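Trainee: This structure is in structure tokens; I'll ask about it shortly.
The values are calculated or read from the model by the stated rules, or taken from the named source; none is laboratory data. Note that the coordinates shown come from a computational prediction; the quantities given were computed from them, not determined experimentally. As a convention, Cβ positions derive from the backbone with ideal geometry for all residues, glycine included, and neighbour counts pool all protein chains shown.
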Amino acid sequence: MGSSTHALVILFSLLFIVRHELICGSYTDSNISCIESEREALIKLREGLKDGANRLSSWFGKDCCTWKGVGCSRKTGHVVELDLRNPIALDRDKLSHDDNYAAIFRSQSLGGEISPSLLDLKRLRRLDLSMNNFSDMQIPDFLGSLKSLTYLDLFYSSFSGKIPHHLGNLSNLQYLSLSTNDLEGPIPDSLARLSSLVVLNLSRNSFGTSMPQFLLNMSNLASMDLSYNIFNGSIPRWLGDQVSLSVLKLTSNDFQGPIPRELCNLTQLTELDLSYNSLEGELPNSMKNLCNLRVLDLSWNYKLSGNVSTSVLSSFGCIHNSLKELNLAWNRFTDFLPNHLGEFRNLERLIIPNNSFYGTLPSSLEKLFYLRDLDARYNQLNGSIPLILGQLSNLEKLHLASNSLVGMVSELHFAKLKRLTTLSLSLNSLVLNVSSQWVPPFQLQSIGLASCTLGPKFPPWLQTQRYVEWLNLQNTSISENIPNWFESISSCVYHLDLSDNQIGGNLPKFPKCNDSLRINFDRKKELFFDFNKFEGPIPAVPSDVSSLDLSNNFLSGAILLDYNNATPVLQFIAVSNNHLTGSIPVSLCKAMKVGIIDFSKNQLSGRIPRCLGKLNELWVLDLSNNNLYGNIPSSLGFLQQLRSVQLRNNSFHGKLPSSFQNLKNLVTLDLGENKLTYNIPPWIGDELSFLKLLSLQSNNFSGDIPQELCRLSDLQLLNLAQNNIVGNIPSCFYNFSGMTVVDHQNKFAFGVHHADYEGKFLQFMKGNKLEYTKTLQFLISIDLSSNNLVGGIPEELTELLGLISLNLSGNHLKGRISEKIGNLKQLESLDLSENNLFGPIPASLSSLNYLSYLDLSSNNLSGRIPTGNQLQTFGNQSYADNDGLCGAPLLKSCSSDKPSYGDREHPAESTKGEDTERLRFYASIGSGFLFGFLGVCGTLHFKKSWRNVYFQFIEDSYNRMLLAIAATIAWLRRKFHRGRFGGRNNLPFVSFYSAGERRLMG
């Protein structure tokens, strides 16, 4: 990308040189001498400039036309060109990574003031001040008075402020570059008068809002670059009227909405770059008619979608005749790679990673003879890799990592790839099946084969690769020791990943690369040997290692850092889970750029060096699970970049340093399992406002839980277990809004420099000590167990809807368990054992579907254990030592045979409210009966006439009843005498009724 622009600029410059005869050698053959007034103007210019490298040493003598950077017309002798650009070619990558190159580049830069004496160069047509350092000064207004200028280049020269509106007076200007400065504000309207402009480059500044429509006045504009600014809104449709445009670059702004189809009117376009914006929607189908388009970059918009086989990869139209580079990376295109892809015969770069392309790689790829770069990483491609890829003799980079490719990769896949320098097949289900005698036709610089099957031995063909600089063999089923030849090829590898294998033996040495022919021989090293079976000592770590991960091996001995007088570049070091001994090396304090230190799970001893407090870029310090002792150095409290401090399971004593309240950015603080004393400092809640994980477990802290902790609104884990804390549980815990969120999206990843380090945290939950890493953001827990807390369980805790673990066991809590405990739908572990809780188990507890650990033992709970869901699946131990409990899973049955039904009301399942209602019911019946009885009896006692009538009624009723019974018995006797009920065998019945008749009639 960018080749079209460079070609256009070079062509423009050559035409300019030829037209204005600016070749200095031509002048030297002329008899015309330098004009004195112009020589004096140049002297004044030199006097105002700062020239540390003495670049203007030739600016002496009478003939200014012979001075370096000065060009004169061989016809008139006037100065027509002034070229003061930095002579060091700009390499952005080396400028940011190579300190030596950066120092040389800066030393060659001019600075100081630009003298107005330039106005005396009245015929000056070309002015180039690019790649210098004018210390944030503004572009001089007087440049707008150089009316003869046709070429003005101020690229990368540290100008700031706004574009002076006087530049609009340069009516002859054809080339203007103000790129890569610190300019801001709107583009002045006066630039609309630059009607002769052919090339406009305002990229890498801070120009904002919408694009100025006056650009339409520049009818001759062939190249426009507004990249890396802050333009927003939609891409204006009027751009489609700039029919002379051949290069349009709008990358890295904030343009939104769809790509306007009017851009397809720009039939002269050779390069279109809309990458790194927020564009969305499908591509206009008419893009297939851009017959001159050679470079199309739509990458990193994230929301562009739809099919491309009907637009830029259509077999119709004419774009397939011209397209050389297509970049659709990091979007949402969902399509298959069409079979007619081979018709794009001129295609050199096909970049489509991070989309949803699916299907197999088309066989027509073999027709792409000029293809140099094929990048289809992070898609959904499947099937096997076609053998025809081995015929693409111009292929230099092959990226197919992170797809669903399967099958064997053989020597035929690389048959003619003599120019291949990058091979990336990682994270597929591929098996590399080549002969042990195979000699590849290529020399690779970058090899990525992670998660492919290579082992059990190191691939022998690797020893033929002499220029490897990036090598990833992670999880490739290698189980042998590192062969001797591997050290010779790995010495100049700046990124080496052998992690997640079964490699044993000793670690290789870390020699420094001495091959001066390597492109990146002086680059910082990144070495990853974690999750293997390495043993023995760690070789001395040299100063050129920036990232080192040796964790999860069987290494022993001391940590050695071979820094001597060199300045280390260490940024990341992890040696956790080994058998290392000795102390923390004091030489580590020289690594001033280190961001992550993880020495956890070893047997390190001694004190923490106080000088670690000088590591101002430190983000993560994990020294947990060692044998360190002494006070925690107060100097650590001044590392203001710290995000995570983990000192768990050592023997630190004394107070928590008050200087820790300076750690304003702290997210994780784990000091558990030490011997720290005194009260929990209130400033934790006042000052550490970003804290998410706080563990002071298993120390000797005393006093109350400070109310100030409730100010930690982001807190997701609070562990104060196994201390000597007294008092009540603060009801203000409901302020922990981080515990009310069910789904946390932010991972605990600390990306520092080149290392993406995921946090880890030990937490006692579900009866076990668990280590959380990738799921750390889902760990939402409160553990206050094994203290001396009193009072009840605050009902406010049931508002923390995200809780997955609550442990209040081993205290002196009393009262009832709130019925609202059922609100905690995410709860997986609940431990309220060894307290003085009483009353029934809330029926709502049966609604907790995720509950997998429950302990309510050793309390005074009573009543039936609610049924439903999994409450009966917990063993007896979950309910033991509660004499009043009954029902399954306990063997003790309840007095009522009727079962309980979870949340539904039931007579056998009495609560405090139900008991009250039952008492009221019986009381009302008793009182009603009493008042009714007394009312009737009292009236009969005091009213004689009523009493006579009442008793007469009773007597009459009694006589009528006797008469009815006697008549019935007489009827039965007659029936018996007739033998209706079986004759003699029924005589006992006859005698019975006769006796009854005599008693009734008697």
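Trainee: Keeping to the range 229-259, report how many residues are among the hydrophobic types (A, V, I, L, M, F, W, C) and in contact (Cβ under 8 Å) with a residue 60 or more places away in the chain. Break it down stepwise before answering.
Mentor: Of the range 229-259, the ones among the hydrophobic types (A, V, I, L, M, F, W, C) are 230-231, 235, 238-239, 243, 245, 247-248, 250, 255, 259.
Now narrow it down to the ones that are in contact (Cβ under 8 Å) with a residue 60 or more places away in the chain: 247.
Count: 1.
Trainee: Let me ask another. Answer with yes or no whether K525 is surrounded by 20 or more Cβ atoms within 10 Å (Cβ to Cβ) and basic (K, R).
Mentor: Details: surrounded by 20 or more Cβ atoms within 10 Å (Cβ to Cβ): yes; basic (K, R): yes.
Yes: the conditions hold for K525.
Trainee: Return yes or no: is S689 under 19 Å from L671 (Cβ atoms) and at pLDDT 95 or above?
Mentor: In short, no.
Trainee: Considering each residue of the range 124-137, count those that are among the charged types (D, E, K, R) and either modelled with pLDDT under 95 or crowded, with 23+ Cβ neighbours inside 10 Å (or both), and give that number. Don't jump to the end; show me each part of the working.
Mentor: Filtering the range 124-137 down to residues among the charged types (D, E, K, R) leaves 125-126, 128, 136.
This time we only want the ones that are either modelled with pLDDT under 95 or crowded, with 23+ Cβ neighbours inside 10 Å (or both), so: 125, 136.
Within the range 124-137, residues that are among the charged types (D, E, K, R) and either modelled with pLDDT under 95 or crowded, with 23+ Cβ neighbours inside 10 Å (or both) number 2.
Trainee: Same structure, new question: Among the numbered criteria (1) aromatic (F, W, Y); (2) surrounded by 21 or more Cβ atoms within 10 Å (Cβ to Cβ); (3) assigned to a helix (DSSP H, G or I), which one does Y101 miss?
Mentor: (2)
Trainee: Out of the range 339-350, which residues are part of a loop (DSSP other than H, G, I, E, B) and out of contact with any Leu (no Cβ under 6 Å at 6 or more places or on another chain)?
Mentor: So in the range 339-350, the residues part of a loop (DSSP other than H, G, I, E, B) come out as 344-348.
Matches in the range 339-350: R345, N346, E348.
Trainee: Here is a further query. Only one of D225, D189 is of a type in the set (D, E, K, R), out of contact with any Asp or Glu (no Cβ under 8 Å at 6 or more places or on another chain) and at pLDDT below 95; which?
Mentor: Numbers: D225 fails: at pLDDT below 95.
The unique qualifying residue is D189.
Trainee: Next up: So for the range 57-69 (the condition being part of a loop (DSSP other than H, G, I, E, B), in the same structural domain as D128 (by TED's automatic domain parsing), surrounded by 13 or more Cβ atoms within 10 Å (Cβ to Cβ) and in contact (Cβ under 8 Å) with a residue 24 or more places away in the chain), does at least one residue qualify?
Mentor: Yes, the conditions are met somewhere in the range 57-69.
Trainee: Identify all residues within the range 363-379 that are out of contact with any Pro (no Cβ under 8 Å at 6 or more places or on another chain) and assigned to a strand (DSSP E or B); write none if there are none.
Mentor: Those that are out of contact with any Pro (no Cβ under 8 Å at 6 or more places or on another chain) and assigned to a strand (DSSP E or B): D373, L374.
Trainee: Could you identify the single residue in L45, L8 that is in a helix (DSSP H, G or I) and at pLDDT 90 or above?
Mentor: On the way: L8 fails: at pLDDT 90 or above.
On inspection, the qualifying residue turns out to be L45.
Trainee: Sticking with this structure for a sec: Does D51 meet the test of being acidic (D, E) and closer than 20 Å to K147 by Cβ? Full working, then the answer.
Mentor: On the way: acidic (D, E): yes; closer than 20 Å to K147 by Cβ: no.
Taking the combined requirement at face value, the residue does not satisfy it.
Trainee: Has the range 171-188 got any residue that is of a type in the set (D, E), under 44 Å from the mean Cα position of the chain (by Cα) and in a loop (DSSP other than H, G, I, E, B)?
Mentor: Pass one, the range 171-188, residues of a type in the set (D, E): 182, 184.
When the remaining residues are screened for being under 44 Å from the mean Cα position of the chain (by Cα), the result is 182, 184.
Within this subset, residues satisfying the condition of being in a loop (DSSP other than H, G, I, E, B) are none.
For the range 171-188, residues of a type in the set (D, E), under 44 Å from the mean Cα position of the chain (by Cα) and in a loop (DSSP other than H, G, I, E, B): absent.
Trainee: Take the range 227-238 and flag every residue that is within 20 Å of R204 (Cβ to Cβ) and touching a helix residue (DSSP H, G or I) at 6+ places or on another chain (Cβ under 9 Å).
Mentor: I235
Trainee: Looking at this structure, is N133 without any contact (Cβ under 8 Å) to a residue 40 or more places away in the chain, touching a Gly at 6+ places or on another chain (Cβ under 6 Å) and more than 20 Å from L215 (Cβ to Cβ)? Step through it out loud before you land on a result.
Mentor: On the way: without any contact (Cβ under 8 Å) to a residue 40 or more places away in the chain: yes; touching a Gly at 6+ places or on another chain (Cβ under 6 Å): yes; more than 20 Å from L215 (Cβ to Cβ): yes.
Yes: the conditions hold for N133.
Trainee: While we're on this one: Please work out which residue is nearest to R237 (Cα to Cα), limiting yourself to the range 253-264 and to residues that are surrounded by fewer than 19 Cβ atoms within 10 Å (Cβ to Cβ) and of a type outside the set (D, E, K, R). Spell out the reasoning first.
Mentor: So the first thing to find is which residues in the range 253-264 are surrounded by fewer than 19 Cβ atoms within 10 Å (Cβ to Cβ), and the list is 254, 256-258, 260-262.
Among the residues that remain, those that are also of a type outside the set (D, E, K, R) are: 256-258, 260.
Details: Q256: 13, G257: 12, P258: 11, P260: 6 Å.
Looking at residues that are surrounded by fewer than 19 Cβ atoms within 10 Å (Cβ to Cβ) and of a type outside the set (D, E, K, R), I get P260.
Trainee: Sort out which residues of the range 459-502 are among the charged types (D, E, K, R) and closer than 11 Å to N532 by Cα, and write them in order of number.
Mentor: Filtering the range 459-502 for residues among the charged types (D, E, K, R) gives 466, 469, 480, 487, 497, 500.
Listed by number, the residues that qualify are E480, D500.
Trainee: Output the residues belonging to the range 614-646 that are more than 12 Å from L663 (Cα to Cα) and of a type in the set (G, A, S).
Mentor: S624, G630
Trainee: Please verify whether the range 149-156 includes one or more residues that are part of a loop (DSSP other than H, G, I, E, B) and more than 25 Å from N220 (Cβ to Cβ).
Mentor: From the range 149-156, those part of a loop (DSSP other than H, G, I, E, B) are 149-150, 154-156; that's our starting set.
So of that shortlist, the ones also more than 25 Å from N220 (Cβ to Cβ) come out as 156.
The answer is yes, given that some residue of the range 149-156 is part of a loop (DSSP other than H, G, I, E, B) and more than 25 Å from N220 (Cβ to Cβ).
Trainee: Check F414 against each of (1) in contact with a Cys (Cβ under 7 Å, 6 or more places away or on another chain); (2) more than 29 Å from G505 (Cβ to Cβ) and name the one condition it does not meet.
Mentor: Exception for F414: condition (1).
Per-residue answers, yes or no, for (1) within 30 Å of Q722 (Cα to Cα); (2) of a type in the set (G, A, S); (3) outside any loop (DSSP other than H, G, I, E, B):
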site	(1), (2), (3)
C589	no, no, yes
M592	no, no, no
I597	yes, no, yes
Y629	yes, no, yes
I632	yes, no, no
N649	yes, no, no
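Trainee: Give the range 777-790 a look and list any residue that's surrounded by fewer than 22 Cβ atoms within 10 Å (Cβ to Cβ) and modelled with pLDDT under 95, or say none.
Mentor: Listed by number, the residues that qualify are Q777, F778, L779.
Trainee: Does at least one position in the range 275-285 carry a residue that is in contact with a helix residue (DSSP H, G or I) (Cβ under 7 Å, 6 or more places away or on another chain) and either over 15 Å from L328 (Cβ atoms) or assigned by TED's automatic domain parsing to the domain that holds L221 (or both)? Reasoning before the result, please.
Mentor: Of the residues in the range 275-285, the ones in contact with a helix residue (DSSP H, G or I) (Cβ under 7 Å, 6 or more places away or on another chain) are 284.
If we keep only those that are either over 15 Å from L328 (Cβ atoms) or assigned by TED's automatic domain parsing to the domain that holds L221 (or both) too, we end up with none.
The answer is no; no qualifying residue exists.
Trainee: Any idea which of I608, I632, I680 is of a type in the set (V, I, T) and under 30 Å from T740 (Cβ atoms)? Step through it out loud before you land on a result.
Mentor: Values: I608 fails: under 30 Å from T740 (Cβ atoms); I632 fails: under 30 Å from T740 (Cβ atoms).
Matching residue, one of I608, I632, I680: I680.
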